[in-house]
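What follows is calculated from the coordinates using simple rules that are stated; it is not laboratory data. Keep in mind the model is a prediction, meaning the values are calculated, not measured. All Cβ positions, glycine included, derive from the backbone under ideal geometry; neighbour counts span all protein chains shown.
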Amino acid sequence: MVSELIINSARSGCRLGVLPGNSNSKITSAVNTSLSGQGISGATTTITVNGASSDVSTAVQGDTINVTVSIPYSKISWVPGQFLGNKTITGTQTMAHE
């Protein structure tokens, strides 16, 4: 369930990132807002344009925007048990800039 929430947050951030006039800070804010509504905090959001670390505000039509959201299992307090130990749960979404 947590994995699906993280994937959905990455998708929401990526959809925002492919629209002209947005920035990495807006994407990160959207991802964090999406996750905090589910009681999840402490995620790391990584954004790339055409495979390189860059701000989406510099992207042009057709560029590939990739948003990856990762969170250590240990930060998800409402998941019982420690059977996943030091694992990280990650979700990624890739879309073309409009």
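Per residue of segment 41-51, in order, report the coupling 6.51 cos²θ - 1.76 cosθ + 1.60 (Karplus, θ = phi - 60°) as ³J(HN,Hα) in whole Hz, putting x for Gly and Pro.
Going residue by residue, I get 9, x, 7, 10, 10, 10, 10, 10, 10, 6, x Hz, with x marking Gly and Pro.
Kirkwood-based Rg over Rh for the chain (C-alpha set), two decimals? Provide the component values of the computation, followed by the final result.
Working: Rg = 13.8 Å, Rh = 13.5 Å.
For the chain, the value is 1.02.
Explain nothing, just compute: Karplus ³J(HN,Hα) = 6.51 cos²θ - 1.76 cosθ + 1.60, θ = phi - 60°, for every residue of segment 89-98 in order, whole Hz, x for Gly and Pro.
Whole-Hz 3J(HN,Hα) from phi for segment 89-98: 9, 10, x, 10, 9, 10, 9, 8, 5, 8.
Order by neighbour count: V69, V18, fewest other Cβ atoms within 10 Å first, most last. Could you put the intermediate results ahead of the total?
Details: V69 31, V18 21.
By the 10 Å Cβ count, ascending: V18, V69.
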